[in-house]
1. Let me confirm something: among B:Leu126, B:Leu106, which residue is more than 25 Å from A:Asp11 (Cα to Cα), under 17 Å from the mean Cα position of the chain (by Cα), of a type in the set (A, V, I, L, M) and modelled with pLDDT of 95 or more?
2. If you take the residues of the stretch B:1-36 that are more than 14 Å from the chain's Cα centre (by Cα), surrounded by fewer than 20 Cβ atoms within 10 Å (Cβ to Cβ) and among the polar types (S, T, N, Q), which of them is nearest to B:Ser107 (Cα to Cα)?
3. Where in the stretch A:14-92 are the helices (runs of 4 or more DSSP H), entirely inside, with at least 1 residues that are within 14 Å of A:Val110 (Cβ to Cβ)?
4. If you scan the stretch A:51-63, which residues turn out to be farther than 17 Å from B:Leu104 by Cβ and within 12 Å of the chain's Cα centre (by Cα)?
5. Could you tell me which residue of the stretch B:94-112 is surrounded by the most Cβ atoms within 10 Å (Cβ to Cβ), considering only residues that are touching an Asp or Glu at 6+ places or on another chain (Cβ under 6 Å) and either within 10 Å of chain A (Cβ to nearest Cβ) or not hydroxyl-bearing (Ser, Thr, Tyr) (or both)?
6. Of all residues in the stretch B:41-56, which are of a type in the set (D, E, K, R) and over 20 Å from A:Asp79 (Cα atoms)?
7. Out of all the residues in the stretch B:45-64, which are farther than 25 Å from A:Glu60 by Cα and either in a loop (DSSP other than H, G, I, E, B) or more than 13 Å from the chain's Cα centre (by Cα) (or both)?
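The values are calculated or read from the model by the stated rules, or taken from the named source; none is laboratory data. Fair warning: this is a prediction, and the values are worked out from it, not measured in the lab. Cβ sites come from the backbone with ideal geometry, for glycine too, and all protein chains shown count toward neighbours.
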Amino acid sequence: MKELETIPGHDRHEMPSNSVLQKLGFGKNFGPAVQMKLEAHLLTGSYGLGKAKDAFRAAEFALLKSGKYEDAWMMLEKDFATAIEKSGGKLEDYKQALSAARKDFFERVVPALKELKGK
Amino acid sequence: MRYNVKPSESLGQIRLGMTSNDIRSILGFEGILQNENDFGQIEVWINDGIRITYQDKICDCIECFKPAEPYYNNIDLFKLSCAEIFDLFKSSEDKIYTDTESLLFLSNGLGVYFGDITPNALPTLLAIFPSNSRNEYLFLYNEVTHI
């Protein structure tokens, strides 16, 4: 996926988490990402350095490793949508970016994950 | 605002083990961003640069980002590079872990996010959590011996 330039006041939110994909054997920034306002990013489950972030990423890792790609994406999209809503943003503003990330995940990342799983 | 860092204990007056009400009485009851998921509750005071996560309504992680200024032994940790922070804490750690974006000093109860683990990278997020509290998730990390 094309490298995202960071918009001021925004963060790059990887879907799935960058570190999880790297743990599964891929390079940095292999997965799709969406620019989120900082206040929304701070409310996502995969953000931060605490145990809750580890638990979130462990769940991502388990779903991807076991081939439950739809479940993994649903978890990520729900987390994203909730964070936008709770930060006072509008999910509608992210519709196009989220749709592009979803397409990239299922058309490029999932086949790569399946190939990895088959090895 | 300047906060004194006590790894595995506190950031300024905010201490691990506090309730949301305890922390609100310190940081204020207004302008709090909140969320909840299967893994915990989150509260953010964005203008103070503070993010708190709770497990069972008890603070289990205190995080700070700019404009907060986390001081440890009179040093602003946000002004140190990745290599300098690694060197600062390595003597008191058996093993230091990374997920390629952050460093975890588990014995100290301290985490630092850089984005990239490169010698000159500057931290953008610092976390205080109970020491040796997450062994079940260490499979997500790798040991790092030098920067």
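1. The match here is B:Leu106.
2. Top of the filtered list is B:Gln13.
3. A:18-23, A:51-65, A:69-86
4. Of everything in the stretch A:51-63, just one residue is farther than 17 Å from B:Leu104 by Cβ and within 12 Å of the chain's Cα centre (by Cα), namely A:Glu60.
5. B:Phe105
6. B:Asp48
7. Correct list: B:Trp45, B:Ile46, B:Asn47, B:Asp48, B:Gly49.
Every residue, every condition in (1) touching a helix residue (DSSP H, G or I) at 6+ places or on another chain (Cβ under 8 Å); (2) within 30 Å of A:Glu115 (Cα to Cα); (3) at pLDDT 95 or above, yes or no:
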| position | (1), (2), (3) |
| --- | --- |
| A:Glu3 | no, yes, no |
| A:Tyr47 | yes, yes, yes |
| A:Phe56 | yes, yes, yes |
| A:Phe61 | yes, yes, yes |
| A:Asp71 | yes, yes, yes |
| A:Ala83 | yes, no, yes |
